[in-house]
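Okay, so here's the structure we're looking at.
The values are calculated or read from the model by the stated rules, or taken from the named source; none is laboratory data. Note that the structure is predicted; figures quoted are calculated from it, not measured. Positions of Cβ are generated from backbone atoms using ideal geometry, with glycine treated the same way; all protein chains shown enter the neighbour counts.
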Amino acid sequence: MIAETICSAVAAAGLGIAAVTAYRKRFLAAARLAAYALVPLGLVMTGAVEWAAETAFSPVAWAGFGVLGAAWLLFMGTRSAERRSGGTRKERKAAAKAAQRDAVAPAASAPSLGAGARPAAKPQKAAAPAEDFSDIEAILKKHGI
């Protein structure tokens, strides 16, 4: 009851200030003040203030917040445990299927290439042994290989 009275008084005061602002020819600011002043009045009229007051003093509501907090903690705990175990459930299933597929027929997925599929390629000339591979060696040394 007191919350509704306070919100109504705040709305009335805000509308009064908006009227004074409009009198001073600052219409944009007055419209903005009126909009802010009507928010508490709208909350009172919809019943949101009464609901919030009932929730704040209700032990059942606080117990509900506790249950929500416990659910959140469980959810986050399982996510952190899942990260430590090595990926998501989808990744573990995909790895298990790949391992099973490799165990059954490792070369079954490789396409067979017949001799008649492509014309025979001309043999390439062997690379000259005098080529400079110093840049490749620098990259490999940089990565510790």
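Assorted remarks:
- Complete set of residues in the stretch 1-38 that are closer than 30 Å to Gly66 by Cβ and either in a helix (DSSP H, G or I) or modelled with pLDDT of 90 or more (or both): Ile2, Ala3, Glu4, Ile6, Cys7
- Contacts under 9 angstrom Cβ, first residue in the stretch 41-60 being closer than 14 Å to Met1 by Cα, partner polar (S, T, N, Q) and surrounded by 13 or more Cβ atoms within 10 Å (Cβ to Cβ), 6 or more apart: Leu41/Ser8; Val44/Ser8
- Residue in the stretch 81-89 that is part of a helix (DSSP H, G or I) and either in contact with a Cys (Cβ under 7 Å, 6 or more places away or on another chain) or at pLDDT 90 or above (or both) present: no
- Residue in the stretch 54-73 that is at pLDDT below 85, more than 33 Å from the chain's Cα centre (by Cα) and not in a helix (DSSP H, G or I) present: yes
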